[in-house]
Amino acid sequence: MVETVLDLKGLACPLPVLRANKALRGLAPGDRLRVLATDRASVADFHAYCRETGHALIAWSEEAGIFNFVIRRRAEDAAASSGPSTTSARSVS
């Protein structure tokens, strides 16, 4: 397992989450991304981002105005795990 550090101090919403998303796409499943940010909105943003994407926010803290988030990349992409679609279309008259 690899941990990558992404220093995003000084960036405002939505840039910390957007840059973290780009970094996570380049990591292997199970790898960790540690994000350092100063934007207070990033707390709610990273909670929502992880809830929506399936990545795990395994820890976060704040010290001296610097927020530290540790995110574990999800096991596999949602598209790969869902397989082919089996829903059927119905027409409505």
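Values in this text are rule-based calculations from the coordinates and carry no lab data. The structure displayed is predicted, hence computed values, not measured ones. Reconstructed Cβ throughout: ideal geometry from the backbone, glycine too, with neighbour counts over all protein chains shown.
Odds and ends about this structure:
- A Cβ distance below 7 Å, combined with a sequence gap of six or more or placement on separate chains, defines the contacts here; from segment 42-71, residues that are touching a residue at least 24 places away in the same chain (Cβ under 8 Å) reach residues that are surrounded by fewer than 20 Cβ atoms within 10 Å (Cβ to Cβ) and in a helix (DSSP H, G or I) in the pairs Gly54/Ala78; Phe67/Val43.
- Residues of segment 47-70 classified as among the polar types (S, T, N, Q) and under 10 Å from the mean Cα position of the chain (by Cα), total: 1
- For segment 2-46, the tally of residues that are more than 14 Å from the chain's Cα centre (by Cα) and on the phi > 0 side of the Ramachandran plot stands at 1.
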